[in-house]
Each structure stands twice: as C-alpha cells, then as structure tokens.
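Inspection log for the structure reproduced underneath, given as structure tokens.
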C-alpha cells in the first residue's frame, strides 16, 4: 500500500495510482506521560486501521521528496508493531522524473482487518520525557538534536524556554538529503553521523518529533539498533518548567 502524506489538495492534483492520502503532519502529540502515550497509540492505531493497515501490511510512505512526513509514517508503524513500513526515496518528484504514471482518482476503501490500537505498541522506538530525564541521571544515552543551529543555540525561541536538552549533540536532519530531495549515499551519511557512538542508546528530537523521525530512520538504515524518537520533543521539553536545558552560551562557559 502507498500512503501519500501530503495535504489533500496536493494529493488531488496527482498521486501514485492507488495511494491513500493521510496528511501525517496534522497529528501532533505533546504528552508523553504513560496515559498520554496510551492515548496516542490508540488514536494512531485506529487511524491506520481505518485504511485497512494491519501488522503485516507492507506500506510505502511518500511526499514530494525524502522528507520527514513520510519518515514519520515509517516510525509510526514501527511504533504500532508493523515492521514492514518503508520510505519512497525521492518521493513523488523522483517518481515523476522517471515518468511513472500518476492519478487524480481516490482509491476504493479497503476492508479493515485489524485494530492496531489493541495490539500494544513498541516501546523500543519511543522516547518520553521520563526516558530522557532518567538517561541524563544515568548517562545512559546520547541525545541528538536534529533541529536547525538557530533553534539549538537559542537564536530562535519556539517554546517557553530556548536552547537544547542538556548535553545534546546538534546534527540537522536535512543535511541527510541531496539537492534533488533523495537521500545521500550510505558513505556520506556514515560520515555525517560519525560523531555518534554506535554502541550507546540514541534519542533523536526536534520540535515535534517529525524531523526527529527522519533522523531516527536514517540511523536505523545505517545499522544503529538502539534508536528512539522523542515524540514530545521541544514542544514538551521546552514548555516544561522542570526540564533542564542549556544554550550555546552556557555550553561554551562550561567548556572554558
């Protein structure tokens, strides 16, 4: 099954024949408490289940390029226990460049086979506020901030607090893409992520868990096994009065 993650008006102008439309950027989630995660899993399970997707359905997500909305879809299905999700490298733009056919027709609904919201979820791909707080105390994970440099160093404030999670490393997600919107080669990506310790647990985050899902996917493709996406990301962490943060200036003071 193909899932087009763009908004409907773009989808209606042309999409891969038979693809269903699901604008994933509409489904933000901030609360990563136990109750919040259970509610999120139920909502997402019902959403994908309504399209006829179960734990065995092979799903290919795409947008115009190899972007984070499609990557979020791959992560979401992994979270829901489906390990057969993929991203279409280069997206619809690459599809059109190959002169493959597109359609303006909506597909027929599929029969609902399974309620994904009732089979639990995969905690191994998910990081929460408490996960990170615990890792900071135990120094058990490396935190990767995939936002822009300005968001990381406090130039741009997009929450109650600015800066980044204590000790985080900044590697912006979009540097994994070529100019044509496809993913860089494995060798180029390995070089990009060389500063990371492949033996440690890794936690990716951004503003709302979309860009972080993209970096999560890239790291998994590179063979990193212990990678989690912080669903609440800076929306949750940066608006919580009790979470520790630092800016580029405080980091430099500590080093000096």
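Every number here is computed from the coordinates shown, using simple stated rules; none is lab data. The model shown is predicted, which means the values in this text are computed figures rather than measured ones. All Cβ positions, even for glycine, are placed from backbone atoms using ideal geometry, and neighbour counts span all protein chains on display.
For the peptides 35-42, 174-181, 18-25, the ranking by packing is 18-25, 35-42, 174-181, with the highest mean count of neighbouring Cβ atoms within 10 Å listed first.
Which value at 222 nm does the chain reach when only helices count, each DSSP H run of 4 or more adding -39,500 (n - 2.57), with the total divided by all residues and rounded to the nearest 500 deg cm²/dmol?
Values: 10 runs with 85 residues, N = 256.
Calculated mean residue ellipticity at 222 nm is -9000 deg cm²/dmol.
Extending 7 Å from Cα along the Cβ direction at residue 182 and again at residue 27 yields two label points whose distance is 3.0 nm. Ranking of 231, 51, 221 by neighbouring Cβ atoms within 10 Å, starting from the fewest: 221, 51, 231.
Measuring nothing but how far apart in sequence close Cα pairs (under 8 Å, 6+ apart) lie, relative to its length, the chain scores a relative contact order of 22 percent. Secondary structure note: in segment 1-118, about 20% of the DSSP beta bridges are antiparallel.
Using C-alpha pairs under 8 Å with a sequence gap of at least 6, the mean separation divided by the residue count of segment 123-255 gives a relative contact order of 35 percent.
Can you give the FRET efficiency to the nearest 0.05 for residue 38 and residue 112, using r as the Cβ-Cβ distance and R₀ = 25 Å?
Values: r = 21 Å, r/R0 = 0.84.
About 0.75, to the nearest 0.05.
Would you mind telling me the antiparallel percentage of the DSSP bridges in the chain, rounded to 5?
Values: 5 of 25 bridges.
Of the beta bridges lying entirely in the chain, close to 20 percent run antiparallel.
As a footprinting exposure proxy, order 96, 129 by other Cβ within 10 Å, with the fewest listed first.
With the fewest neighbours first, 96, 129 line up as 96, 129.
Rounded, prolate or oblate: pick one for segment 123-255, where a ≥ b ≥ c are the square roots of the eigenvalues of its C-alpha gyration tensor, a/c under 1.5 means rounded, and failing that, prolate if a/b is larger than b/c, else oblate. Kindly include the intermediate steps, with their values, before the conclusion.
Working: a/c = 1.62, a/b = 1.34, b/c = 1.21.
Taking the square roots of the gyration eigenvalues as a ≥ b ≥ c, segment 123-255 is prolate.
Go ahead and run the numbers for FRET between residue 158 and residue 122, Cβ-Cβ distance against an R0 of 35 Å, rounding to 0.05.
Values: r = 28 Å, r/R0 = 0.81.
The calculated FRET efficiency here is 0.80.
Listing 164, 28 from fewest to most neighbouring C-beta atoms within 10 Å gives 28, 164.
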